[in-house]
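> One structure coming up, written as structure tokens, with questions to follow.
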Amino acid sequence: MKLSTKHLLGIKDLTRDDIQLILTTAEQFKEVLQRPVKKVPSLRDITIVNLFYENSTRTRMSFELAERRLSADVLNFAATTSSAAKGETLLDTVNNILSMKVDMVVMRHSASGAPHFLAKHIPAAIVNAGDGINEHPTQALLDAFSMKEKLGKLEGLKVAIIGDIMHSRVALSNMYLLRKMGAEVTIAGPPTLIPKYIEEALDVRVEYNLKKALQWCDVANVLRIQLERQNQPLFSSLREYNLAYGINRRLLESLGKEIVIMHPGPINRGVELDSDVADGPFSIVLNQVENGVAVRMAVLYLLAGE
């Protein structure tokens with residue numbers, strides 16, 4: 001089987017079959033990662049450039065590890081230490097890289113739509129590693145993989161996405177994916193951080209009361225407050241936010257049921273999640289990090305047409 005698309009620009013462009021294929025392939029790669037020798041020669045003749053115009057730790061390391069596990073040749077590019085800092089345009093930068101015979105570009109950019117722009121202008125396969133406040137498709141895929149691994153299914157699952165929905169590319173990709181795979185989605189957070197008309201546009205429910213959202217869901221995917229993307233104050237203080245929307249052990253124990261806690265990272269401890277929740281028995285945050293490598297291996301392998 002093959003993907004229906006040459007690029008991974010967003011979950012919006014994937015079919016249900018594409019998502020299923022990536023998750024199934026990731027299962028096979030997760031088995032590979034449990035072996036003593038974790039490397040496979042699948043992409044031995046493929047050159048991949050990691051083009052990061054925005055800071056990243058987990059995503060960048062996860063992609064680089066996935067590429068090296070597949071035996072690809074890897075080039076790392078950081079905008080702050082390159083000619084981009086001198087004013088070189090995005091297209092010039094990429095054309096210079098492509099003249100080095102690169103097959104695939106993994107790209108993170110602060111401008112929504114930057115990977116889509118590149119896909120129209122260059123022949124290499126593009127993987128979106130996060131564009132502005134638009135999408136972060138591999139994060140949604142690894143979140144889905146982690147939910148399925150923990151709970152055995154996606155269809156019919158009740159997932160609450162909690163926090164800064166307005167500025168989160170993770171939230172948008174997750175909503176697209178979960179609805180395509182038959183899960184129910186409720187988004188929860190302060191009214192100032194939830195876009196208007198989102199219920200109709202994305203077929204999700206909105207809940208402003210955190211405890212009600214937690215009582216309803218099987219999985220709580222908790223998002224970081226993205227202060228760097230907010231150009232005006234949208235709530236009074238982090239302390240106030242924590243009191244209304246922070247998840248602590250006492251709140252979880254008051255639900256009378258177990259729910260799975262997820263977070264795409266980095267966690268603002270004491271704001272969205274208390275440490276005893278982030279590191280507690282309900283949390284699968286570290287599983288998400290581990291599964292990220294297998295899912296990104298699957299994406300790169302399938303886009304390379306292997």
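Since every read-out is calculated from the coordinates, none of them should be taken as a lab result. Small disclaimer: the values here were computed from a predicted structure and weren't measured. When we count neighbours, we look across all protein chains shown, and the Cβ atoms used for this are built from the backbone with ideal geometry, even at glycine.
> If the convex hull of the alpha-carbon atoms of the chain is projected onto planes in all directions, what is the mean projected area in square nanometres?
15.9
> Okay, next question. For segment 87-163, run through the GluC sites (Glu not before Pro) and keep only the ones in DSSP coil with at most 12 other Cβ atoms within 10 Å of their Cβ.
Glu155
> Just Ser62, Ser168, Ser99 to compare: in a GNM of the chain, with alpha carbon springs under 10 Å, which one fluctuates most?
Ser99
> If you take the Cα atoms of segment 25-167, find Rg, then find the Kirkwood Rh from the mean of 1/r over all pairs, what is Rg/Rh?
The Rg/Rh ratio comes out at 1.00.
> What whole-number volume per residue, in cubic angstrom, does the convex hull of the C-alpha atoms of segment 137-288 give?
In segment 137-288, the Cα convex hull volume per residue is 102 Å³.
> With the chain treated as a Gaussian network of Cα nodes joined by springs under 10 Å, which of Arg205, Arg296, Arg169 yields the largest mean-square fluctuation?
Arg205
> Ok, one more. Below 15 angstrom from the Cβ of Leu75, what's the summed charge of the other residues (Lys, Arg +1; Asp, Glu -1)?
The answer is -1.
> Oh, and also: From zero up to wherever the largest Cα-Cα distance of segment 232-289 sits, split into 10 Å bins and tell me the percent of pairs in each.
23, 50, 24, 3
> Restricting to the chain, compute how many DSSP beta bridges are antiparallel as a %, nearest 5.
Antiparallel bridges make up about 5 percent of those DSSP assigns within the chain.
> Can you tell me the dipole magnitude for segment 137-288 around its Cα centre, using point charges on the Cβ only (Lys, Arg +1; Asp, Glu -1), in Debye to the nearest 20?
60
> Here's a follow-up. Cut-off under 17 Å on the C-alpha distance; same-chain residues fewer than 8 positions from Lys120 excluded. Which aspartates and glutamates are left, in chain and number order?
Partners within reach: Asp13, Asp92, Asp103, Asp131.
> Taking H as built 1.01 Å from N, whose amide H comes closer than 5 Å to the amide H of Ala111, not counting residues under 5 places away?
Those qualifying (amide H under 5 Å, at least 5 residues apart or on another chain) are Gly132.
> Within 15 Å, Cβ to Cβ, of Gln215, how many net charges do the neighbouring residues add up to if Lys/Arg are +1 and Asp/Glu are -1?
My count for the surroundings of Gln215 gives +1.
> If you don't mind, there's one more thing I want to ask. Student exercise: in segment 137-288, how many lysine pairs 8 or more apart or on different chains have Cα atoms under 15 Å apart?
10
> Sorted from largest down, what three extents in whole angstroms do the Cα atoms of segment 80-159 have along their principal axes?
For segment 80-159, the Cα spread along each principal axis is 48, 24, 23 Å.
> What list of whole percents do you get for P(r) of segment 113-190, with Cα-Cα distances grouped in 5 Å bins up to the one holding the largest distance?
Spelled out per bin, shortest first, that is 3, 15, 22, 22, 16, 11, 6, 4, 0.
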